[in-house]
Amino acid sequence: VHVSYLKRHVDASHQFPDRVAPEPPTPDSVGDELHFHVEAFRSHKYVRRKLHYLVKWTGFPEWENEWIPVSPLRQDLSA
């Protein structure tokens, strides 16, 4: 997409005053790190020959899904 097709963001929250974003769940504290729960793995892909998973986090909407490399996931599963 060329930059000429982009439009400036317009805040329209005043048009939907009753719409409230839900609060995200609180993460688990493990040592000095915060951990969220994985609800599902939606997809996978390879980026520069490294496996990544599209992670759906528990309690978060779909647009908060995130591509995570497999290496930190393996570390969390083995701990």
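From the list E39, E33, which residue is at pLDDT 90 or above and either closer than 18 Å to L77 by Cα or surrounded by 10 or more Cβ atoms within 10 Å (Cβ to Cβ) (or both)? Explain how you work it out, then say what you get.
Values: E33 fails: at pLDDT 90 or above.
Checking each option against the conditions leaves just E39.
Which residue, of K56, K45, is among the basic types (K, R), under 17 Å from the mean Cα position of the chain (by Cα) and surrounded by fewer than 12 Cβ atoms within 10 Å (Cβ to Cβ)? Give the steps one after another, and end with the answer.
Details: K56 fails: surrounded by fewer than 12 Cβ atoms within 10 Å (Cβ to Cβ).
Selected residue: K45, the only one of K56, K45 that is among the basic types (K, R), under 17 Å from the mean Cα position of the chain (by Cα) and surrounded by fewer than 12 Cβ atoms within 10 Å (Cβ to Cβ).
For the range 12-73, please list each of the strands (runs of 3 or more DSSP E) lying entirely inside it that holds at least 2 residues being of a type in the set (G, A, S). Walk me through how you get there before you give the answer.
Details: elements: 28-30, 33-35, 38-47, 50-57, 66-69.
Those strands (runs of 3 or more DSSP E) span 38-47.
Just checking, which of A79, A12 is open to solvent by 100 Å² or more (accessible area, probe 1.4 Å), of a type outside the set (F, W, Y) and modelled with pLDDT under 85? Talk me through it step by step, then tell me what you get.
Working: A12 fails: open to solvent by 100 Å² or more (accessible area, probe 1.4 Å).
Result: A79 is the single residue among A79, A12 that is open to solvent by 100 Å² or more (accessible area, probe 1.4 Å), of a type outside the set (F, W, Y) and modelled with pLDDT under 85.
Looking at the structure I just gave you, is G31 touching a Pro at 6+ places or on another chain (Cβ under 8 Å) and small (G, A, S)?
Values: touching a Pro at 6+ places or on another chain (Cβ under 8 Å): no; small (G, A, S): yes.
The answer is no for G31.
Before we move on, is K7 free of Cβ contacts under 8 Å to residues at least 60 places away in the same chain, among the basic types (K, R) and open to solvent by 70 Å² or more (accessible area, probe 1.4 Å)? Outline the logic, then answer.
Numbers: free of Cβ contacts under 8 Å to residues at least 60 places away in the same chain: yes; among the basic types (K, R): yes; open to solvent by 70 Å² or more (accessible area, probe 1.4 Å): yes.
Yes.
The values are calculated or read from the model by the stated rules, or taken from the named source; none is laboratory data. None of these values were measured; they are calculated from a predicted model. Cβ atoms come from the backbone with ideal geometry, glycine included; neighbour counts cover every protein chain shown. Quick note on the areas: whole protein, heavy atoms, side chains included, nothing else; ligands and nucleic acids left out. Shrake-Rupley method; radii C 1.70, N 1.55, O 1.52, S 1.80 Å.
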